[in-house]
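What follows is a single structure, written as structure tokens, with notes after it.
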Amino acid sequence: MSTTGLVEIHNVHKSYGGVEVLGGIDLTIAPGEVVAILGASGSGKSTLLRTINHLETVDAGSVTVDGEFIGYEQRGGKLHELHEREVLARRTQIGIVFQNFNLFPHLTALENVTEAPVALGRLSKEDARELALGLLERVGLADKVQHYPRQLSGGQQQRVAIARALALKPKVILFDEPTSALDPELVGEVLDVIRDLAQLGTTLVIVTHEIGFAREVADRVVFLDGGRVIEQGPAADVLERPQHPRVQEFLAKVLS
Amino acid sequence: MTDTLPRPTGANAAAPGTPGTPAPPRDAQRWDLGTIPVVRTKHWFRWSLAAVVIFALAQFAWSLVTNENYEWDVFAKYFLSEPVLRGLGLTLVFTAVSALAGFLLGTVIALARLSKSPLLNSAAWLYIWFFRSVPLVVQLVVWYNLGYLYPTLGLGTPFTTDFWIVEFPTVQLISAFAAGVLGLSLHQAAYSAEIIRGGLLSVDQGQLEAAASLGIPPRRRLTRIVLPQAMRSIVPNATNEVIGLVKGTSVLFVIAIPELFYAVQVIYNRNSRVIPLLLVAVVWYTLVTTILSIAQYYIERHYARGSVRVLPPTPVQRARAWISRQWARLGDAPSPVPAAGSGGVA
């Protein structure tokens, strides 16, 4: 198992205009662990996920990856806000796959994947191209590299988005409801790709509504309700013998 | 046999009873629109309006030729004359310089307006407010007469007027040309800033998040991710502005710059041939606008990459395809399948 990709979330609070979205979340995700975050809509799942790569800031508490803050630096007992450039550099350790793909529509599938490694000066154009071709082949899109996102199906677009996130070799990959915007028959192809990633020792945090998938792939599931963790544990235990009444209620609704 | 019949095209399909047409089958479900003649809907209102328009155009074209007051010989004499061409050159130079300076400054102002700094934000807002408030003509005259306000301009101790490192008389520093460029550019920058800001705002927030999550540096995020997408809504408005600027240069006559309109005025004040000389200006302005419009079409097309599944063919491509189709038709003149009275078989 890998030794990097430790996510520590400690007592995280977050409010939007007086409405509390996260109300004190504690969660430690081990390197290489696959965690599924479940919960009703509005329970704070996506917000929690976005605090991990500092797309959302937190009001109280802390989020670190491998002991390091993404947006701040600890010096002399104080946290110093980092300059945008440094935040961006640190954020590349964490990939994210969005519900709506957010592919760059004016770039081809190949250019979408090569963009970040080239922009960050990590790879030459040729090396980035080679890497991207390999990644696109891995997600089953070797024949679509010159297509623009709008020429691809939803499932294909999401697979390009996964390849794009992989291009920076992140230690942690966040999935924000990766199959929610897809037609039912396209969900499987995306889940197949995520399932493969789960074998490779990268830390995965997956916000999802696919209970069956969570049970099969996740080492642990975490239930959120009203911005708090109400139940967590090994996937099979929580999903088959839920203890908390809200979890029982949610599962009954989703699985019926 | 019916399967091999040529497909009737366009208007010919409306002619029923042509030889070779199979008798309509009784069972309605077996009607085939490819082989049965279809009678098209008659658009009487649309056609009569079209007839009125054609008549009006024809009447106007006829008057262009027959009305001697147009004095086409005078038009021809001055259209390519030296002062007119020099005026046209000045118009183009002013347009190019002011558009470039205006859009560069406009981009900076738009970015300031979108920045998180309240000071930059308000400064940009004030700039736009002021330069949209003052009429261009007034601004030009003020710049031209700046010497009355500040007799000299230079570098020295701030907030004093007694120590100068360099100092120039304003009249010498701001020529009529400089006043023109300044006025047009500053005026243009205010409008361009709003157009560019609108374009930047039209880009989906998710694009910024995706770029941020991939660690793409701010400048590259702007030039490679945001601007190319913003250009789709910037280009039509920006072309409007540039075209407006071409004609806007005609107000430069108030500070005696001999651009196209001024050049024409000078000539007709001398020879009193007002109409043909105004026509010279009209035709030149139209030509320049035509070229800009064509450029707009291709620039828009460039930025439309990825926005639709397949881009429609350009007019040039369509014309080429049409010509090659006609050519092919000429080539095999004795059409192998004598189609139902048409020969319009591809």
Residue among A:L186, A:L182, A:L191, A:L224 that alone is out of contact with any Leu (no Cβ under 6 Å at 6 or more places or on another chain), farther than 24 Å from A:T3 by Cα and part of a strand (DSSP E or B): A:L224
Which of the residues spanning segment B:73-99 are in a helix (DSSP H, G or I) and hydroxyl-bearing (S, T, Y)? B:Y78, B:T91, B:T95, B:S98
For segment A:98-115, name all the residues that are out of contact with any strand residue (DSSP E or B) (no Cβ under 7 Å at 6 or more places or on another chain) and either in a loop (DSSP other than H, G, I, E, B) or within 8 Å of chain B (Cβ to nearest Cβ) (or both). A:N100, A:F101, A:N102, A:L103, A:F104, A:P105, A:H106, A:L107, A:T108, A:E115
Can you tell me which residue is farthest from the other protein chains (Cβ to nearest Cβ) among those in segment A:124-142 that are within 24 Å of the chain's Cα centre (by Cα) and part of a loop (DSSP other than H, G, I, E, B)? A:G140
Taking the stated definitions as given, is A:E177 surrounded by fewer than 22 Cβ atoms within 10 Å (Cβ to Cβ), more than 8 Å from chain B (Cβ to nearest Cβ) and touching a strand residue (DSSP E or B) at 6+ places or on another chain (Cβ under 6 Å)? yes
Of those in segment B:255-277 that are among the aliphatic types (A, V, I, L, M) and under 23 Å from B:E241 (Cα atoms), the residue modelled with the highest pLDDT is B:L260
Being surrounded by 11 or more Cβ atoms within 10 Å (Cβ to Cβ) and assigned to a helix (DSSP H, G or I) is the filter here, so list the residues in segment B:303-316 that pass it. B:Y303
Looking at segment A:67-111, which of its residues are buried (at least 20 other Cβ atoms within 10 Å of the Cβ) and touching a residue at least 60 places away in the same chain (Cβ under 8 Å)? A:T92, A:I94, A:G95, A:I96, A:V97, A:F98, A:F101, A:L103
Inside segment B:202-227, the number of residues satisfying the requirement of being facing chain A (nearest Cβ under 7 Å) and assigned to a loop (DSSP other than H, G, I, E, B) is 4
Out of A:G76, A:G39, I need the residue that is more than 29 Å from A:T179 (Cβ to Cβ), small (G, A, S) and not assigned by TED's automatic domain parsing to the domain that holds A:A161. Which one? A:G76
For segment A:51-97, give me every one of the strands (runs of 3 or more DSSP E) that falls completely inside it and has 3 or more residues that are closer than 23 Å to A:L120 by Cα and within 13 Å of chain B (Cβ to nearest Cβ). A:94-97
Does A:A36 satisfy the criteria of being within 9 Å of chain B (Cβ to nearest Cβ) and among the small types (G, A, S)? no
Hey, B:E82 hits all of (1) surrounded by 10 or more Cβ atoms within 10 Å (Cβ to Cβ); (2) within 30 Å of the chain's Cα centre (by Cα) but one; which does it fall short on? (1)
Report, by residue number, each residue of segment A:148-166 that is within 11 Å of chain B (Cβ to nearest Cβ) and more than 23 Å from A:T92 (Cα to Cα). A:Y148, A:R150, A:Q151, A:L152
Which numbered condition A:K169 fails, given (1) surrounded by fewer than 19 Cβ atoms within 10 Å (Cβ to Cβ); (2) more than 14 Å from chain B (Cβ to nearest Cβ): (2)
With the structure loaded, tell me whether A:V145 is more than 10 Å from chain B (Cβ to nearest Cβ), in contact (Cβ under 8 Å) with a residue 24 or more places away in the chain and in contact with a strand residue (DSSP E or B) (Cβ under 7 Å, 6 or more places away or on another chain) or whether it fails that test. no
For residues that are of a type outside the set (A, V, I, L, M) and touching a residue at least 60 places away in the same chain (Cβ under 8 Å), scanning just segment A:214-230, find the one that is surrounded by the most Cβ atoms within 10 Å (Cβ to Cβ). A:F223
Determine whether A:T179 is free of Cβ contacts under 8 Å to residues at least 40 places away in the same chain, closer than 25 Å to A:E56 by Cβ and not aliphatic (A, V, I, L, M). yes
Return the residues of segment A:19-56 that are touching a Ser or Thr at 6+ places or on another chain (Cβ under 7 Å) and of a type in the set (S, T, N, Q); say none if nothing qualifies. A:N53
Among the residues that make up segment B:65-73, is at least one of them farther than 30 Å from B:S202 by Cβ and of a type in the set (A, V, I, L, M, F, W, C)? yes
With B:I257, B:I243 as the choices, which residue is within 27 Å of B:L182 (Cα to Cα) and not in a helix (DSSP H, G or I)? B:I257
Return the only residue of B:S233, B:S185, B:S192 being without any contact (Cβ under 8 Å) to a residue 40 or more places away in the chain, polar (S, T, N, Q) and assigned to a helix (DSSP H, G or I). B:S233
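The values are calculated or read from the model by the stated rules, or taken from the named source; none is laboratory data. Not measured: the values here are computed from a predicted model. FYI the Cβ positions are ideal-geometry reconstructions off the backbone, even for glycines, and counts take in every protein chain you see.
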